[in-house]
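To start, the structure itself, in structure tokens.
No lab work stands behind these numbers, since they all come straight from the coordinates. Note that the structure is a prediction, hence the values are computed from the model and not measured. FYI the Cβ positions are ideal-geometry reconstructions off the backbone, even for glycines, and counts take in every protein chain you see.
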Amino acid sequence: MKHLLMLPIVLMLVISSSLAETAAHSHADMHQHRISDAFVPKEPGQGAFASVQEIVELLLSDPQTNWERVDLEALRVHLADMDNVTLYSTVAVEALIDGARFTVTSKQDTVRLSIKNMFLAHSLEMSGTFGWNLSAEEVPEGAVLTVTGPIEDASKIKGLSFIGVMTLGMHHQSHHLAIARGENPH
């Protein structure tokens, strides 16, 4: 009699265990299906992190990478400079007949250093892009970038402002890879 009373309990346990396992598989299958069908973000959440990730993938896939020279810390510092200049500087624009002069400054020491690092190196590298002349000079609170070209480009230069001019050309990607490889791109 005792065994007959235990039978329904055992059956209920077996059935509920089976149902729980089926539900767990069903949930896992649904989760897996949703992930594989979903659009996956391309960037891992932050621009500098994404840039470093892209460079790491390139370095790992290149059998010629000299790991003794790789310097991702230098790239991280450069990306921090880019962030500081882009987000935390103040810009005064002076229109010129053939371009513009951009005085980029900050009251913060780290941002001032970033401005000087970025402008002096990039003006040399980018001079000649679109037939424009770029020159930079240090001032106590930052740097002055002068961009000149044909008179018909003056309004374009002024409209781009310093940040637009800094983006011209595809030099940043190769520049970042050179920094990460431990090369001096300047």
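Structure notes:
- Cβ-derived FRET efficiency at R0 41 Å, Glu183 paired with Phe39, nearest 0.05: 0.70
- Gyration tensor (alpha-carbon) shape descriptor, the stretch 90-186, a/c threshold 1.5: oblate
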